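These notes are about the structure you will find just below.
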Amino acid sequence: MGNKEQIVEEEIVLKIYMHCEGCVSKVINCLTGFEGIEEVKADMKSNRVVVKGQKADPLKVLERVKKKYSTNVELISPKPKIVPNDHKVQELPKKQE
């Protein structure tokens with residue numbers, strides 16, 4: 001098996017409502033050529049779009065589809081990482097009587 005590096009393409013799965021072939025082509029056209037995306041597969045019956053790319057950012061792909069096609073888009077996988085909010089809650093000073 002040698003020193004070959006195994007390249008794993010990351011899959012991004014989106015749920016997008018598409019009711020016709022025109023919708024499918026719009027989604028594919030808005031994602032084709034976007035940075036990091038190598039392959040786009042859309043399934044109208046299951047309302048799913050699978051995007052493959054080694055350097056594709058799921059949140060950027062989601063924003064691109066929301067901007068170019070529809071705001072009713074849901075990211076199914078991979079789940080976005082939640083960044084904890086490090087802002088401390090400032091307590092109000094107590095009134096002195």
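Mind checking which pairs have a first residue in region 43-61 that is over 16 Å from GLY33 (Cα atoms) and a second that is part of a loop (DSSP other than H, G, I, E, B) and of a type in the set (A, V, I, L, M, F, W, C), Cβ under 8 Å, 6 or more apart or different chains?
Cβ pairs passing all conditions: MET44/MET18; MET44/CYS20; ASN47/MET18.
Evaluate the following for PRO84: is it open to solvent by 100 Å² or more (accessible area, probe 1.4 Å), in a loop (DSSP other than H, G, I, E, B) and modelled with pLDDT under 85?
So PRO84 does not fit the description; no.
Restricting to region 54-68, give me the number of residues that are assigned to a loop (DSSP other than H, G, I, E, B) and either in contact with a strand residue (DSSP E or B) (Cβ under 7 Å, 6 or more places away or on another chain) or acidic (Asp, Glu) (or both).
Adding up the residues that qualify gives 3.
The values are calculated or read from the model by the stated rules, or taken from the named source; none is laboratory data. These figures come from a predicted structure and were not determined experimentally. Reconstructed Cβ throughout: ideal geometry from the backbone, glycine too, with neighbour counts over all protein chains shown. What goes into the accessible areas is simple: the full protein's heavy atoms, side chains included, and nothing from ligands, DNA or RNA. Shrake-Rupley method; radii C 1.70, N 1.55, O 1.52, S 1.80 Å.
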